[in-house]
Amino acid sequence: MTRRGVLTFMYADRPRPMEVHVFHASQYTGQPVESEEMRPQWFSLDEPLPFDQMWPDDIHWYPLFLAGKKFAGTFEFTNGVDDETETTTLLRHDLREVEAL
């Protein structure tokens with residue numbers, strides 16, 4: 001695995017930010033397992049990703065990841081996921097390509 005990104009997520013209804021480290025793996029054995037947050041799914045590299053079905057921040061950092069870049073960023077949301085609507089609103093973000101993490 002290679003480290004590609006560090007993302008900080010801030011939510012208005014949570015007192016502490018969440019720091020997420022993004023890694024790239026070129027080989028994998030085993031079966032991905034569904035979790036409460038996601039259902040694993042494979043996509044072709046030559047087809048557009050379904051960003052409308054993904055977290056609102058993904059459209060910003062995923063292109064850097066797929067291009068092999070390293071990046072760091074902060075994403076600020078109105079609140080955590082609302083259990084009724086299963087949505088959250090991205091207020092602002094700061095994302096930059098970096099040479100090292």
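Values quoted throughout were computed directly from the atomic coordinates according to the rules given, and no laboratory measurement underlies them. Everything numeric here is computed off the predicted structure, so don't read it as measured data. Don't worry about glycine lacking a Cβ; one is built from the backbone with ideal geometry, like all the others, and counts go over all protein chains shown.
For the range 4-63, which positions are charged (D, E, K, R) and either in contact with a helix residue (DSSP H, G or I) (Cβ under 7 Å, 6 or more places away or on another chain) or in contact (Cβ under 8 Å) with a residue 12 or more places away in the chain (or both)? Can you show your working first?
Here is the first cut: in the range 4-63, the residues charged (D, E, K, R) are 4, 13-14, 16, 19, 34, 36-37, 39, 46-47, 52, 57-58.
Passing the criteria: R4, D13, R14, E19, D57, D58.
Screening G68 with (1) within 24 Å of E99 (Cβ to Cβ); (2) touching a Ser or Thr at 6+ places or on another chain (Cβ under 7 Å); (3) in a loop (DSSP other than H, G, I, E, B) gives one miss only, at (2).
Given the structure, is R92 loosely packed, with under 10 Cβ neighbours inside 10 Å and in contact (Cβ under 8 Å) with a residue 12 or more places away in the chain?
Working: loosely packed, with under 10 Cβ neighbours inside 10 Å: yes; in contact (Cβ under 8 Å) with a residue 12 or more places away in the chain: yes.
So R92 fits the description; yes.
Could you tell me whether any residue of the range 18-39 is under 16 Å from the mean Cα position of the chain (by Cα) and of a type in the set (G, A, S)? Scanning the range 18-39 turns up at least one residue that is under 16 Å from the mean Cα position of the chain (by Cα) and of a type in the set (G, A, S).
Filter the range 19-33 for residues that are part of a loop (DSSP other than H, G, I, E, B) and surrounded by 10 or more Cβ atoms within 10 Å (Cβ to Cβ) and give the result. Write out each step before concluding.
Just the residues of the range 19-33 that are part of a loop (DSSP other than H, G, I, E, B), to begin with: 25-33.
Across the range 19-33, the qualifying residue is only P32.
May I ask you to list the residues in the range 39-65 that are under 17 Å from H21 (Cβ atoms) and in a loop (DSSP other than H, G, I, E, B)? Hits for the range 39-65 are W55, D57.
Kindly indicate the residue of the range 2-18 that is closer than 17 Å to L64 by Cβ and not β-branched (V, I, T) and also surrounded by the most Cβ atoms within 10 Å (Cβ to Cβ) among those meeting that condition.
Here the answer is G5.
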